Amino acid sequence: MKQKKKLLSIGEMAQISGVSIKSLRYYDRINILKPAFTDLDSGYRYYSFDQIYTIGIIQFAVEMNIPLRELTSFIDAQGHMDFVAFGLHAKETAEKKIKALQKGLNFINLVAQEVFSQEKHPIESMYTRDIPEKYFHLIPYPKTFDDVDPYEVVKMFMNSPGYHDIDEYDWPESGFLSEYSSDGVSRYLFVEIPKNKAKATSKKIPAGRYHCRQSNVGQIERARDIFSEHLTGRASFIAIETEVFSGKLTTNTPLNELRVL
């Protein structure tokens with residue numbers, strides 16, 4: 001009984017720590033925070049004030065998305081937590097989270113820039129814009145792009161080795177590429193890859209001022225007719241079609257940009 005007088009009831013600990021009674025019971029059940037004392041007759045749980053620091057660690061783990069059951073690997077049989085080992089693990093987790101958040105912020109900024117740029121061009125109108133050098137991983141496509149099966153395209157992308165080289169990219173382009181020559185047309189799916197991941201088989205797309213046109217429907221198969229004025233006398237050229245962001249974008253009618261150099 002004297003021992004209980006020096007301890008906090010589960011309700012008091014919940015009030016002091018800001019953690020619910022339900023959560024404290026859960027921590028006990030998964031063995032990451034055992035009460036300092038449990039009354040065998042009543043089943044009531046009691047905590048020492050010092051345990052509030054362990055609760056702080058648990059709350060930090062929740063914020064870092066560290067599964068709480070992982071904490072048991074840092075707690076020995078006597079209930080002592082290895083704060084050094086946990087600290088190193090938490091540091092690594094936090095750094096990964098910061099990197100992911102920064103990547104997300106970069107993506108949002110890029111989308112905002114793209115929306116601002118694309119809003120200046122009415123749909124179905126011709127315009128030019130400067131596009132930097134890019135590197136594409138190509139996947140041969142055996143049919144015309146008028147016969148695209150979205151599920152087939154996704155499967156081809158996911159099964160392509162080059163698809164997994166885009167992880168470090170904030171916003172890789174992907175879409176369709178048609179390579180015209182005097183021998184005919186070669187069609188590919190493409191996904192942009194970082195320059196340092198480019199291989200001998202990768203396609204280098206030069207920087208330059210591209211002729212472009214936006215549309216809510218695919219139009220790459222009509223690229224020669226659409227840009228006939230700019231392709232006069234040219235048997236060889238590359239047409240690229242990729243989805244772009246716009247303030248008018250809707251999920252069921254994506255906005256595509258067709259471009260030729």
Residues that are of a type in the set (Gly, Ala, Ser) and modelled with pLDDT of 90 or more: list the strands (runs of 3 or more DSSP E) wholly contained in the stretch 138-247 that include at least 1 such residues.
174-181, 184-193, 208-215, 237-244
Tell me, yes or no, whether the stretch 66-73 has at least one residue that is without any contact (Cβ under 8 Å) to a residue 24 or more places away in the chain, of a type in the set (A, V, I, L, M) and either out of contact with any Phe, Trp or Tyr (no Cβ under 6 Å at 6 or more places or on another chain) or not in a helix (DSSP H, G or I) (or both).
no
For ARG29, state whether it is among the charged types (D, E, K, R), surrounded by 13 or more Cβ atoms within 10 Å (Cβ to Cβ) and over 23 Å from ALA94 (Cα atoms).
no
In the stretch 4-44, how many residues are within 19 Å of MET81 (Cα to Cα) and outside any helix (DSSP H, G or I)?
8
Pairs with Cβ under 8 Å, 6+ apart, first in the stretch 26-38 and more than 8 Å from LEU68 (Cβ to Cβ), second among the charged types (D, E, K, R) and surrounded by 19 or more Cβ atoms within 10 Å (Cβ to Cβ)
ASP28/ARG45; PRO35/ARG45; PHE37/ARG45; THR38/ARG45
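So, in the stretch 207-223, how many residues would count as being more than 24 Å from PRO150 (Cα to Cα) and more than 27 Å from the chain's Cα centre (by Cα)? Before you say what the answer is, go through the steps one by one.
Of all residues in the stretch 207-223, those more than 24 Å from PRO150 (Cα to Cα) come to 207-211.
Checking which are more than 27 Å from the chain's Cα centre (by Cα) leaves us with 208-211.
Final tally of qualifying residues: 4.
Sort through ALA61, ALA90 and tell me the only one that's surrounded by 14 or more Cβ atoms within 10 Å (Cβ to Cβ) and either hydroxyl-bearing (Ser, Thr, Tyr) or under 17 Å from TYR26 (Cα atoms) (or both).
Details: ALA90 fails: either hydroxyl-bearing (Ser, Thr, Tyr) or under 17 Å from TYR26 (Cα atoms) (or both).
After ruling out the rest, the residue left standing is ALA61.
The values are calculated or read from the model by the stated rules, or taken from the named source; none is laboratory data. Remember, predicted model here, so these are calculated numbers, not experimental data. FYI the Cβ positions are ideal-geometry reconstructions off the backbone, even for glycines, and counts take in every protein chain you see.
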